[in-house]
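Trainee: Have a look at this one before I ask anything.
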Amino acid sequence: EAQVTQNPRYLITVTGKKLTVTCSQNMNHEYMSWYRQDPGLGLRQIYYSMNVEVTDKGDVPEGYKVSRKEKRNFPLILESPSPNQTSLYFCASSQQAGPYEQYFGPGTRLTVT
Amino acid sequence: AQSVTQLGSHVSVSEGALVLLRCNYSSSVPPYLFWYVQYPNQGLQLLLKYTTGATLVKGINGFEAEFKKSETSFHLTKPSAHMSDAAEYFCAVAGGATNKLIFGTGTLLAVQP
């Protein structure tokens, strides 16, 4: 089954404790992206990747890092999480850059206390 | 720069009534336009998209949208609402080589029996 998987689905952590949210897709997609969803703000792009080893900042990259060492994986790293990073995070992938459907993972709900 | 405005953060309709969710966009290049749906505790799923060609686009679950360049609109409609249509709906615009999706703030649709 074609899908985007994220882990963990739920995470509660404390300020400053490094964490990684994994994202994997099995569709051989070149383009991958991370979004955060906050009430009243819709989805905002954090980082995206056009292909392996090619990443770039989205609209809200502060406090986040990403890497794309393999085509299928695109982990999101929070080196020193803060309470304002409490949010619902989605990973997405698409065939290529351009007018293609993005496939979304199920989301990761992160709470930073 | 591209942007999307969704009018009405909450819309309530009766079962069997017309569904109309409004979306206006701003884009300096020919836009690619999308409607995504988010059911509770799930990721986003593509309903329909406009890239080029026919301006009336049909999607899944009986939804359709019409691209009106003169009005910079891409409103989503469904002739007869069903209880299962209750969800949050996001309009999005993309364009250019980065395939960056710009989301609206979402419209929560409630369907009353």
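Readers should treat all values here as calculations from the given coordinates under stated rules, not as data from a laboratory. Quantities reported herein were computed from a predicted structural model and do not represent experimental measurements. Quick reminder, even Gly has a Cβ in these numbers, built from the backbone with ideal geometry, and neighbours come from all protein chains shown.
Trainee: Do you know which residues across the stretch A:13-60 are over 19 Å from A:Arg109 (Cβ atoms), within 9 Å of chain B (Cβ to nearest Cβ) and in contact (Cβ under 8 Å) with a residue 24 or more places away in the chain?
Mentor: Correct list: A:Tyr31, A:Met50, A:Gly58.
Trainee: Got a number for residues in the stretch A:7-57 being under 23 Å from B:Gly106 (Cβ atoms), surrounded by 13 or more Cβ atoms within 10 Å (Cβ to Cβ) and touching a Leu at 6+ places or on another chain (Cβ under 9 Å)?
Mentor: Qualifying residue count, the stretch A:7-57: 12.
Trainee: Additional query: So is B:Leu108 within 10 Å of chain A (Cβ to nearest Cβ), touching a strand residue (DSSP E or B) at 6+ places or on another chain (Cβ under 8 Å) and not in a loop (DSSP other than H, G, I, E, B) or not?
Mentor: No: the conditions fail for B:Leu108.
Trainee: Another question about this same structure. Looking at the stretch A:77-102, which of the residues that are of a type in the set (Ser, Thr, Tyr) and within 8 Å of another protein chain (Cβ to nearest Cβ) is nearest to the chain's Cα centre (by Cα)?
Mentor: Among those that are of a type in the set (Ser, Thr, Tyr) and within 8 Å of another protein chain (Cβ to nearest Cβ), it is A:Ser94.
Trainee: So A:Tyr10 fits all but one of (1) within 12 Å of another protein chain (Cβ to nearest Cβ); (2) in contact with an Asp or Glu (Cβ under 9 Å, 6 or more places away or on another chain); what number is the exception?
Mentor: Only one criterion is unmet by A:Tyr10, namely (2).
Trainee: Residues of the stretch B:23-38 being in contact with a Leu (Cβ under 6 Å, 6 or more places away or on another chain) and polar (S, T, N, Q), which ones?
Mentor: B:Gln38
Trainee: Still on this structure, I have one more. Which of the residues belonging to the stretch B:3-57 are in a loop (DSSP other than H, G, I, E, B), away from chain A (no Cβ under 11 Å) and crowded, with 18+ Cβ neighbours inside 10 Å?
Mentor: Passing the criteria: only B:Ser27.
Trainee: Within the stretch A:104-113, track down each residue that is within 8 Å of chain B (Cβ to nearest Cβ) and buried (at least 18 other Cβ atoms within 10 Å of the Cβ).
Mentor: Of everything in the stretch A:104-113, those that are within 8 Å of chain B (Cβ to nearest Cβ) and buried (at least 18 other Cβ atoms within 10 Å of the Cβ) turn out to be A:Phe104, A:Gly105, A:Gly107.
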